Amino acid sequence: MNRVVHPIEQESFRRLRARLDTSRFPPLTRAVVERVIHSAADLEYATDLVMAEDDLMKAHAALHAGAPVVVDVEMVAAGITRRETVCRLKDATSGPGLTRSAHAVRLAYEQVGPGALWVIGCAPTALEELLTLDASPALVIGLPVGFVGAAESKAALRESGLPAVSNVSEKGGSAVAAAALNALLYHPLSSEETS
């Protein structure tokens, strides 16, 4: 099913590209960078985001083959418009040394197992917990926001060697995390992925 793009979105991307040359990026990286910038109206993401095209290609194939998508909060789920997601925050509880967000990650992993795409846009502790599991993710979109632990959790994600989309600064959030996943959802399959 083809996605119908609203004229306002088309104009927004036209203006974005008039202000920032994204042609130097490989296709999936460009899609993620542009959609994240579009979601936040923040051109600085062009130099703040960190990802590898090879990781995105594998994740794109896994996503379109039906790999589960796990989110840390319902706000991320609300922004992912074309795919069902798993969010276990409502079922989670906090305890000594364990935030509700971290417990939700444990519950989600028990449900989906390895090979999922994880989209974390709110809680650094969710990202930190994911890094302690042997989750073997297809991709981790780690873009939590905040002054406490956000930049550090994203640095730990990059150091982990897991396939990931992250950023260097403290900024992030549900909208940009959902946008990164949507970029992969909206991008067409290549002939290699369909054969």
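The values are calculated or read from the model by the stated rules, or taken from the named source; none is laboratory data. Note that the structure is predicted; figures quoted are calculated from it, not measured. Methodologically, a virtual Cβ is constructed for each residue, glycine included, from the backbone with ideal geometry; neighbour enumeration extends over all protein chains shown. Accessible surface is based on the protein model in full, side chains and every heavy atom, while ligands, DNA and RNA are left aside. Shrake-Rupley method; radii C 1.70, N 1.55, O 1.52, S 1.80 Å.
Scan around ILE141 for amide H atoms under 5 Å from its own, H built in the peptide plane at 1.01 Å from N, and keep only partners 5 or more places away or cross-chain.
Here the answer is TRP118, VAL119, ILE120, VAL165, since their amide H atoms fall under 5 Å of that of ILE141.
When the Karplus curve 6.51 cos²θ - 1.76 cosθ + 1.60 is applied with θ = phi - 60°, which whole-Hz ³J(HN,Hα) does each residue of segment 40-51 get, with x for Gly and Pro?
10, 6, 10, 5, 5, 4, 4, 10, 8, 6, 10, 6
What accessible area per residue comes out for segment 47-136, rounded to a whole number of Å², with a 1.4 Å probe?
47
On the accessible surface of segment 19-177, probed at 1.4 Å, how many percent belong to carbon and sulfur atoms?
C and S fraction of accessible area: 54 percent.
Using only protein heavy atoms and a 1.4 Å probe, report how much of MET51 is accessible, in Å² to the nearest 10.
40
Only sites in a loop by DSSP and with at most 12 other Cβ atoms within 10 Å count here; which trypsin sites (Lys or Arg not before Pro) in segment 10-48 make the cut?
Passing both the DSSP loop test and the Cβ count: ARG24.
If you take every DSSP beta bridge whose two residues both sit in the chain, what share of them, in percent to the nearest 5, is antiparallel?
25
Let me have the relative contact order for the chain, percent, based on Cα pairs under 8 Å that are six or more residues apart.
Relative CO of the chain lands at 24 percent.
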